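Below you'll find the structure, written out as structure tokens, and then a few comments.
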Amino acid sequence: MTQSNDNIYATKQTVGPFRFDEKVVAVFPDMITRSVPGYEDVIKGIQQLASEYTIENTNCYDLGCSLGAASLAISYGNQKQGVKIYGIDNSEAMIERCRSNIDGFKHKTPISLMNCSIQDTNIENAGFIVLNYTLQFIAQPDRLAILKSIYDGMVSGAVLILSEKIVFEDELINANMIKLHHQFKRDNGYSDLEISQKRNALENVLVPETIKQHIDRLQEVGFQPVCCWNQNLNFASLIAVKP
């Protein structure tokens, strides 16, 4: 399927809060690859991790599946029998486009899509779960309860992959990483106006945390071990195991 280039913030405008609406959905693949350092490596890594960690006769969940990249990666990587994949997203526009994407690729593991929030998702018999750049859009006070619900729906030995934009505890390092991230965007063709307006749109919508905050919360829920398996500038992905 032909994808459009992201020029949503290319002209000066009154910027409202960022939303995963039809405009964003239409350009999402271009937006995320030009905005998230290491995104393609994370998707490839999820396929590799799925080949090692999916569990026979269990469910896999892609929570905040957007256009289905991680769902497809799980399907390609899965080597176990009786596995089903569920892609969940609260954006109807995302799910509609995701369905077309999923149908357009040959993959072996069944993928079912659901238009609902993570909070309303009944997670059960889960062996492998991906939360890819999704928790950061959920209010901080609600994050622990969501992870607890995820944990409770997983079987022993199951794995959670949590990918997030992060901040650094040291102010100077954090400031420098933000500068490098902005340069990454410039190198990918975004103007300073686009970078500034996108940042304003995400203010108070995407709220990042430190890796330590994520690890502490995952361990509080019960995951053990928890470690970072991928990081590129101010974006990181963690792997957490349910004992």
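We did not get these values from a lab; they are worked out from the coordinates using the rules stated. Given the structure is predicted, the values throughout are model-derived calculations rather than measurements. Cβ coordinates were reconstructed from backbone atoms using ideal geometry, including for glycine residues, and neighbour counts include every protein chain displayed.
Details
- Cβ-Cβ FRET estimate between Ala10 and Gln219, R0 fixed at 41 Å, reported to 0.05: 0.45
- The mean sequence distance of close C-alpha pairs (under 8 Å, at least 6 residues apart), as a share of the length of the chain, puts its relative contact order at 22 percent.
- Against the rule of thumb 2.2 N^0.38 Å, how large the Cα Rg of the stretch 122-176 comes out: 1.39
- Once the Cα-Cα distance is subtracted from the 0.36 nm per residue extended length, the Ile173 to Gln231 segment shows a gain of 19.4 nm.
- Debye log10 I(q)/I(0) for the chain, one point scatterer per Cα, at q = 0.10, 0.15 Å⁻¹: -0.46, -1.07
- Summing charges over neighbours of Tyr190, with a neighbour being any other residue whose Cβ is under 10 Å away from its Cβ, gives 0 when K and R count +1 and D and E count -1.
- Rounded to whole Å, the principal axis extents of the Cα atoms in the stretch 1-114 read 52, 27, 25, largest first.
- Under conditions of 20 °C and 1.002 mPa s, the stretch 107-147 yields 175 µm² s⁻¹ as its translational diffusion coefficient, taking Rh as the Kirkwood radius over Cα pairs in the Stokes-Einstein equation.
- Square roots of five times the Cα gyration tensor eigenvalues for the stretch 169-243, Å: 29, 13, 12
- Fewest-first ordering of Met177, Met94, Met31 by other beta carbons within 10 Å of each residue's beta carbon gives Met177, Met31, Met94.
- Rounded to the nearest 500, the helix-only mean residue ellipticity at 222 nm of the chain stands at -13000 deg cm²/dmol, with each DSSP H run of n ≥ 4 adding -39,500 (n - 2.57).
- Going from the fewest other Cβ atoms within 10 Å to the most, the residues Ile215, Ile146 appear in the order Ile215, Ile146.
- Signed unit charges on C-beta, dipole axis of the chain, positive-most listed residue Ser4, Ser91, Phe184: Ser4
- Two-site FRET efficiency, Thr33 against Asp142, from Cβ-Cβ distance with R₀ of 51 Å, rounded to 0.05: 0.95
- Per-residue Cβ neighbour counts within 10 Å put Ile46, Ile123, Ile178 in the sequence Ile178, Ile123, Ile46, beginning with the fewest.
- Computed magnitude of the charge dipole of the stretch 166-222 (debye, nearest 20; Cβ of K, R +1, Cβ of D, E -1): 220
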